1. Kindly provide log₁₀ I(q)/I(0) values, in the same order as q = 0.14 Å⁻¹, from the Debye equation applied to equal alpha-carbon scatterers of the range 86-194.
2. Roughly how tilted is helix 361-371, in degrees to the nearest 10 and between 0 and 90, from the longest Cα axis of the chain?
3. Pick out, in residue order, every one of the trypsin sites (Lys or Arg not before Pro) in the range 120-186 that is DSSP loop and has at most 13 other C-beta atoms within 10 Å; say none if there are none.
4. Sticking with the crude label model, points 7 Å out along Cα→Cβ, report the distance from Asn394 to Ala361 in nm, one decimal please.
5. Using just the Cα positions, wrap the range 264-413 in a convex hull and report its mean projected area in square nanometres, one decimal place.
6. Taking the Cα centre of the range 328-377 as origin, sum charge times position over the Cβ atoms of Lys and Arg (+1) and Asp and Glu (-1), and report the length of that vector in debye to the nearest 20.
7. Full-extension gain between Arg58 and Ser197, please, as 0.36 nm times their residue separation minus the C-alpha to C-alpha distance.
8. Looking only at Cβ-Cβ distances, which cysteines of the chain have no other cysteine closer than 4.7 Å?
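Read-outs throughout are calculated quantities, based only on the coordinates presented, and are distinct from any laboratory measurement. Note that this is a predicted model, so its numbers are computed, not measured. As a convention, Cβ positions derive from the backbone with ideal geometry for all residues, glycine included, and neighbour counts pool all protein chains shown.
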Amino acid sequence: MKYSKLFGKTIKEAPKDELAVNAKLLIQAGFIRKEAAGVYNFLPLGLRVLNKISNIIREEMNNSGGQELLLVSLQRKESWEKTGRWNSFDALFKIKSRYDLEYALGPTHEEVLVPLVNNFVNSYRDLPLKLYQIQNKFRDEARSKAGLLRGREFLMKDLYSFHESEEDLMKYYTLMKKIYKKTFLRLGLSAIETVASGGTFSDFSHEYQVVCESGEDEIIYCPGGDFSQNAEIAKVKEGKECDLGHGPLKRVKTIEVGNIFLLKDKFSKAFGLTFKDKNGKEKYAVMGCYGIGISRVMGTIVEVCNDKKGIVWPEQVAPFRAHLLTVNNSQLTINRANEVYEKLQKAGVDVLYDDREDVSAGQKFADADLIGIPIRLVVSEKTPDEKIEWKQRNKQKAEVVALSEAVKRVEKESLV
Ligand code: ATP
Ligand code: MG
């Protein structure tokens with residue numbers, strides 16, 4: 001992609017009306033634009049990141065046996081009344097049509113999926129089912145000042161599992177704990193599995209919490225990695241010695257990037273979702289629910305992966321792998337840069353080529369740091385023929401390497 005053609009450019013200063021680091025950096029670097037409080041448009045650069053995150057999550061959900069579908073955002077009021085949530089779900093957006101019909105604008109999808117599944121489940125042979133979607137959710141959040149961390153419209157992955165017994169549900173729940181750990185690692189986040197209260201349906205749930213000063217949650221955890229509880233429910237106090245001798249427990253601020261919990265038969269009962277078991281006895285299906293805030297993950301990555309100059313994307317989710325630029329506009333330099341660009345494209349490398357001729361080299365370097373693509377490649381007259389400057393966004397030193405070697409390294413090298 002040529003930067004001169006890219007829709008959505010960097011801007012000189014971070015927007016003054018944004019408090020959160022993720023919103024400041026993502027807007028300044030040209031990834032997103034604010035529409036209203038908690039509502040953001042994703043520009044081409046931003047959508048690339050969101051898609052990379054979504055695809056990693058999609059692969060892992062498929063690995064867990066999940067099947068992807070896409071449910072509606074306009075949801076029937078009657079279904080929300082059936083579960084009693086039309087009046088009790090605080091953040092529910094309610095829409096009135098000109099024909100005096102009312103809808104909920106989907107903040108979560110039990111009210112749609114459970115009646116839908118009910119059409120297809122009759123016998124134990126139809127279970128288990130693991131269904132998920134990646135879709136925008138709508139919530140009338142009280143405060144939306146944290147950029148992508150708390151949207152009123154935001155992208156979520158929500159998976160719902162349906163089982164014939166609690167035993168089978170727990171087996172899948174345990175598998176999902178493993179899958180979640182792996183997913184967050186692949187996304188470049190170290191997320192701490194944290195025990196939290198289970199709300200009304202169960203004694204516990206698990207949250208995936210990323211340590212970050214700007215987070216709205218707090219956990220009490222053992223840095224040795226064997227214990228973490230949401231501070232809201234925790235009985236233990238900060239400073240208590242860990243039972244396994246890892247030293248004192250710590251209290252830190254965190255961002256919840258995902259959570260999993262048991263719904264058991266709460267929604268099956270509301271919608272009469274039953275099946276015939278092996279003995280022909282009618283039983284309620286039991287359910288679990290597994291969420292990841294995809295746009296919140298993107299905001300979280302920016303909150304934890306940045307420096308004074310801008311964003312430092314983990315390579316797995318970066319919008320492009322390499323950022324190519326020239327330091328002057330001599331014909332020789334431009335010809336060589338064009339050649340490098342073609343070679344990289346032929347090799348199948350996602351490269352952003354800053355081909356602008358009307359901005360200074362200093363500006364191009366500053367923009368490259370702000371945008372945060374993992375590898376920066378510079379063509380100049382100083383680098384001898386067939387050589388190119390290579391620098392990783394997460395390292396200080398630049399090096400001069402042969403062009404052929406650079407292409408190979410861009411293709412293959414792990415940049416951790
Ligand atoms: P929170 O306590 O932060 O409001 P929640 O308990 O309401 O989260 P869920 O309804 O379980 O969250 O949603 C699943 C995931 O979706 C959360 O773990 C979080 O990562 C993400 N999420 C929830 N609300 C928002 C929001 N307003 N903006 C962005 N992501 C969100
Ligand atoms: Mg919430």
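1. Rounded to two decimals, the profile gives -0.82.
2. Value to nearest ten degrees: 10.
3. Arg143
4. Simple spin-label model gives 2.8 nm for this pair.
5. Its Cα hull, projected and averaged over all orientations, spans 14.5 nm².
6. Here the size comes out at about 200 debye.
7. Full extension from Arg58 to Ser197 adds 47.3 nm.
8. Cys212, Cys289, Cys305
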